[in-house]
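Below is one structure, written out as structure tokens, with a few remarks after it.
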Amino acid sequence: MSKVLHNKEDSLFPSPPKLPHRRKFIRQVLLSGIAVQLPFFFSCSEERKDNTIHRKTDLVNTIQQILFPDTPDSPGIEDTGAFAYFNRIVRDERLDPEEREYLQNGLRWVNETAQEETKKDFVQLTFPQQKQLIKKISAYSWGEAWLSRMLTVIFEALLLDPIYGVNLQESGWKWLGHVPGSPRPSKRNRYPDILIRKEEFIAVSRLEQLSNDGKHTKNK
Amino acid sequence: MEKTLKQQWDVCIVGSGAGAGPVIYELSKAGFKVLVLEKGPWFRTGDFSKDEMVAARRSVYTPRLQDERHVLEYTNEEGNLEAKSTYDSGRDFWNGNCVGGSSNFMSGYFQRLKPQDFRLLSEYGAIEGANVVDWPISYEDLEPYYTKVEQIVGVSGRLIDHPFQEPRSTDDFPYPPLAENVVSSWLDKAAESLGYPLVPLPRAILSQPSGERHACVYSNYCGSYGCSSDAKGSARVALIHKALKTGNCTLIPNAKVYHLETNGKQKIVRAWFYDAKGQKQKAEAGIFVVAAQAVETSRLLLMSKNPGFPDGLANHNGQVGKNLIFSAGGTGGGDFFLAELPEKEAKQLSVPGLFVNRSLHQYYEYRDEKTGQRMKGGTVDFLFEHANPVSKAMHRKWDDEGNLRYGAALKEDLKNYFRKVRKLKFEIFNDWLPTDGCFVRLDPKVKDKWGDPVARIRIDYHPHDLEVGEFLAGQAKKIMEATGAKNIYANVSGSPPPNLQAGGCRFGHDAETSVLDPDCKAHSVDNLYITDGSFMPTGGSVTYTWTIYANAFRVAEKIIERLRK
Ligand SMILES: Cc1cc2nc3c(=O)[nH]c(=O)nc-3n(C[C@H](O)[C@H](O)[C@H](O)COP(=O)(O)OP(=O)(O)OC[C@H]3O[C@@H](n4cnc5c(N)ncnc54)[C@H](O)[C@@H]3O)c2cc1C
Ligand code: SF4
């Protein structure tokens, strides 16, 4: 009898895993020649940095395009704002650093796989080749886990409130006939502003007045 | 530097959720000086919105797992014991850490226990491997407090005649039932065709305004979301707001209690807590009440080692943390394809926000087909799939073969799922039998951000739970079939819902086998009461919160009697 834990996912049993949830698989197999390559996104020279940014942009863009392609009568990846959103997530210091690193590492693994398979960087492949490679990667456990995480990012960009710079012109909601709840988030209570204010809530507690040394001042 | 709060309080309460709310309310109203130490921040009604990002995608109402985690220990598929922190698994065990606790985010499905739940052992006999006992109080003892909750917290509903209706001291609910979706009438007809009624499901939601609280606006985002109309009966809105108005209640948010210190004998003298800045503070009071939700309550007692209590406060018999229970059962559902329905019905079915509010009680008790034995069954609640669009989309990630879905196929699937289907779900509730295999202790290694040991939760279930769950799932599926739903499925498992937890400090007459006495005062500590779900030796077959609220009202009366002596 299986006793594996899993979530009950309803209004009573909600706890949907929050983004990003922990990785299950990392890419372990590296061919020796590739393993000594310079890290894909980190480099000392400015020139290399510029190149890297471009390549990273292309890589993320392309992968998102493959996962969520343009199709008729539906928002494309551009309409979701998913690319900028991905960049915000990997820079969001409130999120677990390991998770953010995982999202970034996946990009490197995709490129390493491209090198192993074709001796070329992923961005140098033709679009059909790139699609083929992603298909192949999706069959590896690390690839499936990481691509699934990339899809989560896209789902958030497609369906969260446009206040987050995503779901542009509510295109995702309109496409899927989704009716948002009311009240909608405002600049005051959206993430992470609500958390910043969480620190404000501390200052308004009466604690300082209650403590007997009364020395520290209110942090307004 | 440590600080001591100036004032001496009559009562210091740890936590501010459903278990704490009634005590805060009753004691403040009775004129006693009450201090509430709440670990989380104080969100006001205006801070809540229907933002899936805040409610479900990021740790806002709950701590970040990198800061505070649980360790879950369970038997894996190979039959070995495996321990993983929730940070490592991504499986969050927090429910709501803020003023009002999880009660801000509950859906408010409210059902009373039934008389037989108070005497499970004598009614249905012992079950090998399960620590089933009778409660030291009866349904009749708790009934007046269930009624009090209906009136003070606010419960809406409608009574019908059915064989498992609990005895009541009032004729009806104080608030009429909430508006329902057309699907409720389909369910009624389906059940009728099977020969029994479905019970209208009461909710801790106001259908009409009361005082400063508005009626429900059918926002379509209830469970997991804070309520913007104050219709939901959270402890914050229904009880704490009123307590604060008396001027007798001081509430300190961001105050995480980590130690209850005794005088070396059997009396607590102060509670130690970290304030918002991480500084140690202490508060003194005559009586201490802990209601930090079952797991964290046991954890706090176990952390509070004192002279005479080397294994943790009130843990004279090693029972603190033991017999932890959850709600057993599972979930299931079925699809209605809008194109297959007459246009009018499809339209009615698609109306967002209206409730389903139906529950199956017919099998609260049943006879086992093979043995003919009288069995304790449970309930099944029917509800719509949650409106959260990201979560809905997440469920479409894998195809029927378990392969990742992406590209044009994914888009097509999303479109069909969101636009063409309305999913009706059901949730099965039966007893999670208390066993020696399900308990809380302190993790020997893992610490939270303050350096305190986290709760390590051993999770095990009794196979009997699954047997009953499967039986109920079978009945629920029959109803779903009779409504015409398609793709009907059910999933019964021993997976614990983190939001429905109880036990760990069971109450009883015998100081050797229980932690609390029948008044929920610790047997071995003069001035410690526990008023969250920890006291429950068995959990019944419904959600717990109405019972937690009712019992906390009952214990509040006991504390007032004591203080007045
Ligand atoms: C999404 C969701 C849906 C739900 N739906 C339903 C439903 O439909 N029906 C139902 O009956 N129940 C439902 N519940 C469950 C219900 O919310 C709980 O049963 C109830 O709130 C438990 O009350 P409690 O006092 O034990 O815990 P809580 O209400 O969670 O309160 C505990 C409080 O203690 C605080 N605390 C913890 N540790 C410390 C410490 N060391 N120091 C100070 N403070 C501390 C916490 O921050 C928290 O605020 C739901 C819960 C959730 C999360
Ligand atoms: S308005 Fe009604 S549906 Fe919305 S959160 Fe409040 S109680 Fe729930």
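The values are calculated or read from the model by the stated rules, or taken from the named source; none is laboratory data. All figures in this text were calculated on a predicted structure; none of them were measured in a lab. Cβ: placed from backbone, ideal geometry, glycine included. Neighbour counts: every protein chain shown.
Descriptive notes on the structure:
- Of all residues in the stretch A:125-142 being assigned to a helix (DSSP H, G or I) and free of Cβ contacts under 8 Å to residues at least 12 places away in the same chain, the one that is farthest from the other protein chains (Cβ to nearest Cβ): A:Q129
- Restricting attention to the stretch A:143-165, the residues that are facing chain B (nearest Cβ under 9 Å) and not in a helix (DSSP H, G or I) total 2.
- Among residues of the stretch B:37-53, those that are within 15 Å of ligand 2 (Cβ to nearest atom) and aromatic (F, W, Y), counted: 2
- Among the numbered conditions (1) surrounded by 21 or more Cβ atoms within 10 Å (Cβ to Cβ); (2) farther than 22 Å from B:E481 by Cα, the only one that B:G377 does not meet is (2).
- Lone qualifier among B:G407, B:G378 - being at pLDDT 95 or above and under 25 Å from the mean Cα position of the chain (by Cα): B:G378
- Checking each residue in the stretch B:98-142 for being among the aromatic types (F, W, Y) and either assigned to a helix (DSSP H, G or I) or within 16 Å of ligand 2 (Cβ to nearest atom) (or both) picks out B:F105, B:Y109, B:F110, B:F118, B:Y124, B:Y139.
- Spans of strands (runs of 3 or more DSSP E) in the stretch B:201-282 with at least 3 residues away from chain A (no Cβ under 13 Å) and not basic (K, R): B:256-262, B:268-274
- Wholly within the stretch B:477-565, strands (runs of 3 or more DSSP E) carrying at least 1 residues that are closer than 25 Å to B:E26 by Cβ: B:501-504, B:528-530
- Enumeration of residues in the stretch B:296-328 that are within 14 Å of ligand 1 (Cβ to nearest atom) and within 14 Å of chain A (Cβ to nearest Cβ): B:F326, B:S327
- Some residue of the stretch B:7-30 being modelled with pLDDT under 95 and out of contact with any Ser or Thr (no Cβ under 9 Å at 6 or more places or on another chain): yes
- Residue match in the stretch B:540-557 (condition: crowded, with 24+ Cβ neighbours inside 10 Å, away from chain A (no Cβ under 14 Å), within 18 Å of B:K322 (Cα to Cα) and touching a residue at least 24 places away in the same chain (Cβ under 8 Å)): yes
- Residue check: B:D67 meets all listed conditions (1) crowded, with 22+ Cβ neighbours inside 10 Å; (2) part of a loop (DSSP other than H, G, I, E, B) but one, namely (1).
- Odd one out for B:A235 among (1) under 23 Å from B:I559 (Cα atoms); (2) in contact (Cβ under 8 Å) with a residue 40 or more places away in the chain; (3) hydrophobic (A, V, I, L, M, F, W, C); (4) away from ligand 2 (no atom under 16 Å from the Cβ): (4)
- Matching residues, the stretch A:169-193, being of a type in the set (D, E, K, R), within 7 Å of another protein chain (Cβ to nearest Cβ) and more than 26 Å from A:D73 (Cβ to Cβ): A:R190
- Filtered residue count, the stretch B:20-55, keeping only those that are outside any helix (DSSP H, G or I) and touching a Cys at 6+ places or on another chain (Cβ under 6 Å): 5
- Checking B:E166 against (1) among the charged types (D, E, K, R); (2) crowded, with 18+ Cβ neighbours inside 10 Å; (3) under 22 Å from the mean Cα position of the chain (by Cα), the condition it does not meet: (2)
- For the stretch B:218-232, a residue qualifies if it is under 15 Å from B:G154 (Cβ atoms) and either surrounded by fewer than 20 Cβ atoms within 10 Å (Cβ to Cβ) or near ligand 2 (Cβ under 7 Å from one of its atoms) (or both), and the qualifying residues are B:C222, B:C227, B:S229, B:A231, B:K232.
- Checking each residue of the stretch B:188-196 against the condition of being more than 16 Å from ligand 2 (Cβ to nearest atom), outside any loop (DSSP other than H, G, I, E, B), within 30 Å of B:R44 (Cα to Cα) and basic (K, R) gives no match.
- In the set (1) over 24 Å from B:V380 (Cβ atoms); (2) within 16 Å of ligand 1 (Cβ to nearest atom), the condition left unmet by B:S210 is number (2).
- Subset of the stretch A:58-85 (residues that are part of a loop (DSSP other than H, G, I, E, B) and among the small types (G, A, S)): A:S74, A:G76, A:G81
- Residues of the stretch B:465-502 satisfying the condition of being among the aliphatic types (A, V, I, L, M) and within 14 Å of chain A (Cβ to nearest Cβ): B:L466, B:A473, B:A476, B:A490, B:V492, B:L500
- Flag for B:E82 being more than 16 Å from ligand 2 (Cβ to nearest atom), surrounded by fewer than 23 Cβ atoms within 10 Å (Cβ to Cβ) and more than 24 Å from B:S16 (Cβ to Cβ): yes
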